[in-house]
Amino acid sequence: MTSLSHLDESIDEHSHSVSSMLQTAHVLWLASDHLHLYIDASPDYALDEIVYAIKEYLEHEMAHLLPAWQPSNQPVWAQGYFAESLG
């Protein structure tokens, strides 16, 4: 099973397109059907661009981190998302 800290590291360090958008990204909670992230993002990008990039990146990483998982023609992520601003 993949640790939350490994997902944090993957988001922060291994994706150049996502990491250029994010200053910080942490997985706060990982459930069987969704996850909660804390991100500190650059104001140069729209929120929907950031969410799309994270979803795309994590789908790609899931294929590498979970070899038994086989991607299909069905989308991994729902189109929607919830966002809340802090501070």
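The distance from the alpha carbon centre of segment 25-39 to that of segment 58-87 is 11 Å, rounded to a whole number.
From the C-alpha coordinates alone, can you work out the Kirkwood hydrodynamic radius of segment 22-87, in Å? Result for segment 22-87 stands at 13.3 Å.
Using a simple spin-label model with pseudo-atoms 7 Å out from Cα toward Cβ, GLN79 and SER20 lie 2.7 nm apart.
Here, each number is a calculation from the coordinates, and none is a lab measurement. Just so it is clear, the model here is predicted, and its values are computed rather than measured. Cβ: placed from backbone, ideal geometry, glycine included. Neighbour counts: every protein chain shown.
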